[in-house]
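The values are calculated or read from the model by the stated rules, or taken from the named source; none is laboratory data. Computed from a prediction, not measured in an experiment: that's the story for all the values here. Please note: Cβ atoms are built from the backbone with ideal geometry, for glycine as well, and neighbour counts cover all protein chains shown.
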Amino acid sequence: MAKVRLVLDTRKSAKSATIGLFPIAIRLFHRKTRIIRLPYRTSPTGWDDKLMKLKKSASSNENIDCDKINESIYDKLHIARKVIVGLGESINSIDSDILVEYIKKAWDKTVDTKIRQEVDNGLTLSDWGKVLIDRKLKSNKPSTAEWYNNSIIAFQKLSIDKKLRLDEITVTFLKNFQIEHESKGNSNNAISSYMRAIRAIYNSAIKEDQFVTKKNPFEHFKIPTTRRTKKKAIVKMNFLKIRDLCYKKGSPIWHAKNYTLIMFNCRGMNFVDLVKLQVRDMVNDRIFYGRSKTGDQLSVRITDELREILGFYSLDKTENDYLFPANYDGSTKSYEKYKSLRRRMNGYLKIIANDAGIEQAFTTYTIRHSWATIAKYMGISTEIISEGLGHNSLRTTEIYLKSFTNSVLDEANELVVS
């Protein structure tokens, strides 16, 4: 339990240079000692340390109203003690400097439940965010951890003291955050991404009884709608062109071409899932793997083209070996290695796209999006495409399939009006 008492601050630095007197103060001990100076001074002989009051008989006090001052400093001591008692177990969640601030607030107004509520809700965004980030890292989900961390940094930049408390995130704060980023030219997609991450952290604190809120701002504020991004799919003919490209066997770009065709044959497999494949994931005529993003287990039949490519990579390997030289064990420790692999892969895909005469941007994500879109053009149902991609909801798949090219829509319109 924190302790407070009235003292005379006789440190050399506290002595008045003009009148040579020392300030009366509240000495607070809560993990550390803090001195809160009061607006009264006296000499060491004018202070009764045992009774914690001014001596009327002291010459240094003869021109002041000792009774009035003693009453005033006792009131402040009483209020400080009342704050400490009123906080109860909540006091264990704050440090001595914060406690000093609450005592000073209490001197300006009657101690009420508001101070208690402020302490109970004193959890900062960064403190709780760190808990969730550590969990994600331990669960080998470094990309989600990175998302949380970047969003926390973005939100804290709008906070004056950089220690943004969860109870300081209000509807007004969210509106200001949106306006601030819009003024910098940031897209709705970027703003939405930040806010969705903070909403997840905020709601997690509530769900786990770490934080109490009277009004959840995310229930009263509409996060900006993400805008439809530029079309990312390429037509099936372009994949046929990629198949015909010839590169030196064993070269980095030769591997990149193989990875492209493997991902396409595996229903738009994510690059992160590709580089984690091991020989044992191939069983008879199928590949079994768990999606890194959701953990869902997927199974893909090995096509003739896929079997031919995989034959090279599985040769003379044991079942525990990684299939590809760009292997990644999925751990947080190796996440930076994976990001480097992905950057290099996307670099090679630019060359491949240029060699195949593909004008659109071509990345690892394009392969996945293209498989879904080509399937849709061929009349395959959204439900089947959704299951093929390993999506947990049709809504996610529908976002993939929303952006048909103008040429397709034009052709459809010709059929309708002709």
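For this structure, a couple of remarks:
- Among residues of the range 253-281, those that are of a type in the set (Lys, Arg) and within 20 Å of LYS350 (Cβ to Cβ), counted: 1
- Identity of the residue in the range 99-128, over 33 Å from the mean Cα position of the chain (by Cα) and not in a loop (DSSP other than H, G, I, E, B), that ends up modelled with the lowest pLDDT: ASP108
- Restricted to the range 135-229, the set of helices (runs of 4 or more DSSP H) holding at least 3 residues that are exposed (fewer than 13 other Cβ atoms within 10 Å of the Cβ) and at pLDDT 90 or above comprises 171-183.
- Criterion applied to GLY347, GLY357, GLY311 was being surrounded by fewer than 17 Cβ atoms within 10 Å (Cβ to Cβ), assigned by TED's automatic domain parsing to the domain that holds ASN265 and on the phi > 0 side of the Ramachandran plot, and the one residue passing it is GLY357.
- Residues that are among the hydroxyl-bearing types (Ser, Thr, Tyr) and closer than 13 Å to VAL4 by Cβ, drawn from the range 72-107: TYR74, SER96, TYR102
- Hits in the range 282-308 - residues which are crowded, with 17+ Cβ neighbours inside 10 Å and assigned to a helix (DSSP H, G or I): LEU306
- The range 325-376, residues that are within 31 Å of the chain's Cα centre (by Cα) and assigned to a loop (DSSP other than H, G, I, E, B): ALA326, ASN327, TYR328, ASP329, GLY330, SER331, THR332, LYS333, SER334, ALA361, PHE362, THR363
- Residue under evaluation ILE73, criteria (1) farther than 30 Å from PHE211 by Cβ; (2) of a type outside the set (Gly, Ala, Ser); (3) within 35 Å of the chain's Cα centre (by Cα), criterion not met: (3)
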